[in-house]
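The values are calculated or read from the model by the stated rules, or taken from the named source; none is laboratory data. Please read these numbers as outputs of a predicted model, since none were measured by experiment. As a convention, Cβ positions derive from the backbone with ideal geometry for all residues, glycine included, and neighbour counts pool all protein chains shown. Surface areas here come from the heavy atoms of the whole protein model, side chains and all, with no ligands, DNA or RNA. Shrake-Rupley method; radii C 1.70, N 1.55, O 1.52, S 1.80 Å.
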Amino acid sequence: MPGAMQNTSKSYLLQSKMIGFVPTMGSLHEGHLSLVRRAKQESDITVVSIFVNPIQFGPSEDFERYPRDIKDDLEKLQKEKADIIFMPETSSMYPEIFLTHVEVDGISERLCGASRPNHFRGVVTVVTKLLNIVKPTKAYFGQKDFQQSVIIKQLVKDLNSDTDVIVCPTVREQDGLAMSSRNAYLSEKQRKAATVIYKCLTEASDLIKSGIIDGTFVKGFMQERILKEPEVSSVDYAGVYDPETMLDVSEIKSEILLAVALKIGDTRLIDNILVTVVK
Ligand code: AMP
């Protein structure tokens, strides 16, 4: 129950313990576990939450079929020696009368926000609740969801939260595909095709490193590269973005974000890399 978690956190804080927190939706893989390991290294108490947050899914999205395997998750977390697993019921997080939502303007409407209206409103609301419940000293997020991490940093700054947001590197499969709970939806053929995402990102990065500074050209290259893969059913976005504002970059200088969101069959996959241009 959120109240029990809240009291537990309060008592740790009274003992001056540092609480490290990893929020997840479960179906854990090495990407999640890398965050848990980092939290373990830097905190006295590591809390992992498992909660498939209904309000961040659109009406036609995969909330119902989102992979859930609590037994396997608990085994993995036990192996990592996580101290506390917080698994609230939906009704305890969202009782019948629930009237407050939190929104970060601007950046939430771009990229994933453009194709998933209200997604970030749901994410920011649940993260606000989780931070209030767990009261972590540090909270750990993956670069895999880069836009999400930027939005949460802004949330924490704007609302004077006591929590430090730590962003950890994306963990990949051997062929470069970013680990994701949604990869489980892919057939063998689709799984192979999904490697196009990281290939597209690294090839675009190579173009930039070879001296190309025209963001529109790189964006065109990325879209074409992706659409060559017949298993790709649609592209939500692919291009070159400002890593703070998530706006398109037309002239590439300093640090830029290369990001892709596409669908293979019905499965929506995202990935990104940061590229630093040295003059
Ligand atoms: P999720 O369960 O998908 O909501 O993810 C929970 C946290 O794990 C988020 O901060 C994600 O960014 C992070 N995460 C998911 N996949 C990866 C990955 N492949 N590498 C690093 N972090 C990840």
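Couple of notes before you dig in:
- Cβ pairs under 6 Å, 6+ apart, first in the stretch 1-29 and surrounded by fewer than 17 Cβ atoms within 10 Å (Cβ to Cβ), second of a type in the set (S, T, N, Q) and part of a helix (DSSP H, G or I): Met1/Ser92; Pro2/Ser92
- So Lys189, is it more than 10 Å from the ligand (Cβ to nearest atom) and within 28 Å of Asp44 (Cβ to Cβ): no
- Of the residues making up the stretch 121-139, those that are more than 20 Å from Arg182 (Cβ to Cβ) and near the ligand (Cβ under 10 Å from one of its atoms) number 1.
- Residues in the stretch 240-279 that are without any contact (Cβ under 8 Å) to a residue 60 or more places away in the chain and surrounded by 14 or more Cβ atoms within 10 Å (Cβ to Cβ): Val240, Asp242, Asp248, Val249, Ile252, Ile256, Leu258, Lys263.
- In the stretch 119-146, the residues that are more than 29 Å from Tyr198 (Cα to Cα) reach residues that are in a strand (DSSP E or B) and acidic (Asp, Glu) with C-beta atoms within less than 9 angstrom, at least six apart or across chains, in these pairs: Pro136/Asp164; Thr137/Asp164; Lys138/Asp164.
- Helices (runs of 4 or more DSSP H) enclosed by the stretch 89-153 - at least 3 residues per element that are modelled with pLDDT of 95 or more, open to solvent by less than 60 Å² (accessible area, probe 1.4 Å) and at positive phi: none
- Contact map, the stretch 196-217: residues that are basic (Lys, Arg) paired with residues that are in a helix (DSSP H, G or I), Cβ distance under 8 Å, separation 6+ or inter-chain. Pairs shown: Lys199/Arg225.
- For the stretch 26-73, filtering for residues that are over 22 Å from Ser11 (Cα atoms), within 15 Å of the ligand (Cβ to nearest atom) and not charged (D, E, K, R) leaves 20.
- The residue that is nearest to Ser34 (Cα to Cα), counting only those in the stretch 167-186 that are more than 10 Å from the ligand (Cβ to nearest atom) and among the aliphatic types (A, V, I, L, M), is Ala184.
- Restricting attention to the stretch 192-210, the residues being within 15 Å of the ligand (Cβ to nearest atom), open to solvent by less than 20 Å² (accessible area, probe 1.4 Å) and assigned to a helix (DSSP H, G or I) number 2.
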